[in-house]
Amino acid sequence: ILSKTCGVPIFQEQIMQIASTVGGFTPGEADELRRIMSSSWKKQDLMHGLRTRLISGMLNHGISLQYAEQIYQTIIGFASYGFPESHAASFALLTYASCYLKCHYPAEFVVSLLNAQPMGFYSPRSLIMDAQRHQVKFRPVDIQNSDYDYTMEESGEPGPRSSEVRVGLRAVYGLKEKHIEHLLTERKQNGPYQDLTQLIQRTHLPKATLIRLAAAGALKPIGLGAREALWKIQGINLDSQSLFFAQAQERDKDLLPEESNWEKLNREYQTHGYSLVNHPLGILRPVLEQWSAQERRSNAPGFTKAVHLEKMNNGARVRVAGLLSLQQKPPTAKGFAFLTLEDEGGLINVVLMPEIYKQYRLIIVYNPMLDITGTLEKVNGVINLKARQIRPLPVDKLLAALPKQLGEGDRTSAKVVASPTAHYDFTKCIDDHTVG
C-alpha cells in the first residue's frame, strides 16, 4: 500500500486502504475514518475511540500488537499533514508549469502574478525584486504608457528576453478604479496628455487622485518630477466653474530641497509599496559595512549579505540585516516559526525555535527591519539561519551616520523616518502582506 511513497503514508486513500485491508473496516467506515482524520485536531476523542477498533482489526489479521501499535501511530501522525492523491497530482503539475514559465518566460510570469494580486505569501515588492534578480527589467508607472494592469513592452533590444514590464496604475495605493478607467479612456480617445493643466482640464480628476499620481512619479512624462508635481498641485485651481480652472499659481520651484535616496524610497514605498531602483539595505549598506568592521575587530560577527551565505560553512556564526518580507507560524510546526528576510541582494530564510520566537515575538511584530544573529544550517543545498538573537535594526542611527549621502538638510528627515508614525507609513506595504 505504501510502496510508491517509500513506506510513508502521504495520501488519504492510503489510510483508507490500510483500514480496509488490515483493520477490517468496510469501505464506508474507511471513508468515515478519512473524514475524522481531516479534522482530527478538533476530534481527538473520536480518534482515540477508533484506536481499539483499529488495533482489534489488525490483531484479527495476524499482526502483532507491537506492529499494530506502530501502524496506528503512523496513522495518527498522518492526520497532521495528509491530503488526497488527486490534490498532490494537481499541485505537482502547477509546480512544474510554474517553474518552467519562471525559467523561460520570467517577465510574463511575474506580470501574471502581479495582476492576480492579492494572492499567496509574497507581496508585489518581493515578486518584483526576485524578478529583477533574474534579469527582468521594469519601467515605472506613468500616465502616458501605463494601463490599469502591469503590461509587457518591447525594449527594442535583440534577444529572447527583449520585453520589459510596465508598472500598471493599479499599483498606486488609493487610486479608485473608476478614476483610472476615466484617465485611460480619455487618453485613448484624445491622445497623450501634454501638461498638468491639460490633464486636469480633460479628466477633472479630484485633488486626492492627482496627489497620489504625482507622489508615485506618474507625472514624469509631462515634465514633472514627484516633488515639483506635488508643489504645483497644491497651488492649482481645481474649481471647474472658475475662469482660472486648472491654472497654477506661480511658485518658485527652486525653493524645493533636493530629494535624497532615502526620502525617494519612503515616497515610493508609501505610494505603491516598493522601489524599482533602491532598497533600504542598499542605502544603509555603507554604514553597515563600517559597523561590521568595528564588530569584527572585537571578534563579533559583522553583517553578511544574502548572496554571500552560500560560500560560508555549515555551522558558521552569522549576522544578517534585512527587511522582514514574510513570517509564518504553522500550527503543525510544534511552535517553530519561520521568517524570510530580504536585503538588496536576495532572501534569507530564518528558523526560530519556540523559545526564541516567544522571547523575540514583539520585536518581530513591531520592527520590520531586523538584525539577526544565529547559526548557518546548510543541508542538501538548502540554506537556513537558525536564529539565536534578534534585535531591531537602528535605522535612525544608521541614517544619521550617512551625512555625505543625505546632506545636512536630510538629517531631520532621517529622524522623521525613524519616528513611530513615519515608521508605520514606511512599512504599511510590508505589514499588509505579512502572513502570521
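The values are calculated or read from the model by the stated rules, or taken from the named source; none is laboratory data. Only a predicted model underlies this, so the values are computations on that prediction, with no experimental measurement involved. Cβ atoms come from the backbone with ideal geometry, glycine included; neighbour counts cover every protein chain shown. These area figures cover heavy atoms from the full protein model, side chains too; ligands, DNA and RNA do not enter into them. Shrake-Rupley method; radii C 1.70, N 1.55, O 1.52, S 1.80 Å.
Within region 110-157, take every residue that is under 11 Å from the mean Cα position of the chain (by Cα) and open to solvent by 60 Å² or more (accessible area, probe 1.4 Å) and give me the one that is modelled with the lowest pLDDT.
If we take residues in region 110-157 being under 11 Å from the mean Cα position of the chain (by Cα) and open to solvent by 60 Å² or more (accessible area, probe 1.4 Å), then Gly120 is modelled with the lowest pLDDT.
Condition first: assigned to a helix (DSSP H, G or I) and among the polar types (S, T, N, Q). Can you find one or more residues in region 163-179 that meet it?
To start, the set of residues in region 163-179 that are assigned to a helix (DSSP H, G or I) comprises 169-171, 177-179.
If we keep only those that are among the polar types (S, T, N, Q) too, we end up with none.
No, there is no match, as no residue in region 163-179 is assigned to a helix (DSSP H, G or I) and among the polar types (S, T, N, Q).
Return a yes/no flag: does region 74-90 have any residue that is within 30 Å of Gln132 (Cα to Cα), within 40 Å of the chain's Cα centre (by Cα) and at pLDDT 85 or above.
Our first condition is that a residue be within 30 Å of Gln132 (Cα to Cα); within region 74-90, this holds for 90.
Among the residues that remain, those that are also within 40 Å of the chain's Cα centre (by Cα) are: 90.
If we keep only those that are at pLDDT 85 or above too, we end up with 90.
Yes, region 74-90 has at least one match.
Condition test on Tyr100, is it more than 18 Å from His272 (Cα to Cα), over 20 Å from the mean Cα position of the chain (by Cα), at pLDDT below 90 and open to solvent by 60 Å² or more (accessible area, probe 1.4 Å)?
On the way: more than 18 Å from His272 (Cα to Cα): yes; over 20 Å from the mean Cα position of the chain (by Cα): yes; at pLDDT below 90: no; open to solvent by 60 Å² or more (accessible area, probe 1.4 Å): yes.
No.
The conditions are (1) without any contact (Cβ under 8 Å) to a residue 12 or more places away in the chain; (2) under 29 Å from Gln328 (Cα atoms); (3) open to solvent by less than 30 Å² (accessible area, probe 1.4 Å), and Gly191 fails exactly one of them. Which is it?
(2)
Please name all residue pairs, on different chains or six or more residues apart, with Cβ atoms under 6 Å, provided the first residue is in region 7-18 and is open to solvent by 20 Å² or more (accessible area, probe 1.4 Å) and modelled with pLDDT under 85 and the second residue is not β-branched (Val, Ile, Thr) and not in a helix (DSSP H, G or I).
Gln12/Gly82; Gln12/Pro84
Within region 49-133, which helices (runs of 4 or more DSSP H) (wholly inside it) include 2 or more residues that are closer than 30 Å to Ser146 by Cα and out of contact with any strand residue (DSSP E or B) (no Cβ under 7 Å at 6 or more places or on another chain)?
Working: elements: 65-78, 85-104, 106-115, 124-133.
Answer list for region 49-133: 85-104, 106-115, 124-133.
Does at least one position in region 190-213 carry a residue that is out of contact with any strand residue (DSSP E or B) (no Cβ under 8 Å at 6 or more places or on another chain) and within 26 Å of Ala131 (Cα to Cα)? Spell out how you get there, then give the answer.
First pass over region 190-213, keeping only residues out of contact with any strand residue (DSSP E or B) (no Cβ under 8 Å at 6 or more places or on another chain): 190-195, 198-199, 201-213.
Next, only the ones that are within 26 Å of Ala131 (Cα to Cα) stay: 212-213.
Within region 190-213, one or more residues are out of contact with any strand residue (DSSP E or B) (no Cβ under 8 Å at 6 or more places or on another chain) and within 26 Å of Ala131 (Cα to Cα).
I'm trying to understand the selection: among the residues of region 32-45, which are modelled with pLDDT of 65 or more, open to solvent by 40 Å² or more (accessible area, probe 1.4 Å) and more than 14 Å from Phe11 (Cβ to Cβ)? If you could, list the steps in order and put the result at the bottom.
Filtering region 32-45 for residues modelled with pLDDT of 65 or more gives 32-38.
Checking which are open to solvent by 40 Å² or more (accessible area, probe 1.4 Å) leaves us with 32, 34-35, 38.
Passing the criteria: Glu32, Arg35.
Being at pLDDT below 70 and of a type in the set (Gly, Ala, Ser) is the filter; apply it to region 241-260 and report the residue that is least open to solvent (accessible area, probe 1.4 Å).
Ranking the qualifying residues of region 241-260, first place goes to Ala246.
Every residue in region 375-393 that is free of Cβ contacts under 8 Å to residues at least 60 places away in the same chain and closer than 13 Å to Phe303 by Cβ, please.
Answer for region 375-393, where residues must be free of Cβ contacts under 8 Å to residues at least 60 places away in the same chain and closer than 13 Å to Phe303 by Cβ: just Arg391.
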